[in-house]
1. Between CYS70 and ARG92, what is the FRET efficiency for a Förster distance of 30 Å, r being their Cβ-Cβ separation, to the nearest 0.05?
2. Report, to one decimal in Å, the Kirkwood hydrodynamic radius for the chain based on all distinct Cα pairs.
3. If I take every Cα pair under 8 Å that is 6 or more residues apart in the chain, average their sequence separation and divide by the length, what percent do I get for the relative contact order?
4. Report the extension gain between ARG29 and THR53 in nm, rounded to one decimal, defined as 0.36 nm multiplied by the number of residues separating them, less their alpha carbon distance.
5. Ranked by Cβ crowding within 10 angstrom, fewest neighbours first, how are ILE91, ILE20, ILE55 ordered?
6. Tell me, what ³J(HN,Hα) does each residue in the range 77-90 have, in order and in whole Hz, if you take phi through Karplus 6.51 cos²θ - 1.76 cosθ + 1.60 with θ = phi - 60° and put x for Gly and Pro?
7. Can you list the lysines whose alpha carbon sits under 26 Å from that of LYS95, skipping same-chain ones fewer than 8 residues off?
Amino acid sequence: MTESQIERKICKHANLRGCIAFKFVSPGRAGVPDRVILFPDASTIFMEIKTPTGIVSALQKNEHRLIQACGHTVYVVDSVEEGKQIIDEHIRRIKS
């Protein structure tokens, strides 16, 4: 499965769970995570999506560190199941 196929399925799942999954592009700034996922309680996570053999570059790792230093969460996922699980766990936490 390609990265774009994994990403598409995770985004569909997020939408079905009441979230919005924006494609994150930042002109002039490389290495940002692939998706910003907005949850119904106004919380936000960032998601870097890879294939099982994909590698997170040093530039991406640095961007993830900067985002985390601002108090946000960045997940790196390499399967549809992992992405769905993260979304579902986050929704369970906000409902409890």
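Each value in this text was obtained by applying a stated rule to the coordinates, not by laboratory testing. Computed from a predicted model, the values in this text were never measured in an experiment. With ideal geometry, Cβ positions are generated from the backbone for all residues, glycine too; neighbour counts draw on all protein chains shown.
1. So, using R0 = 30 Å, E works out to roughly 0.75.
2. Radius from the Kirkwood sum: 13.5 Å.
3. 28
4. The ARG29-THR53 span can extend by a further 6.2 nm.
5. ILE55, ILE20, ILE91
6. 10, 10, 7, 4, 4, 5, x, 4, 4, 4, 4, 5, 5, 5
7. Once the sequence-local lysines are set aside, what remains near LYS95 is LYS9, LYS12, LYS23, LYS84.
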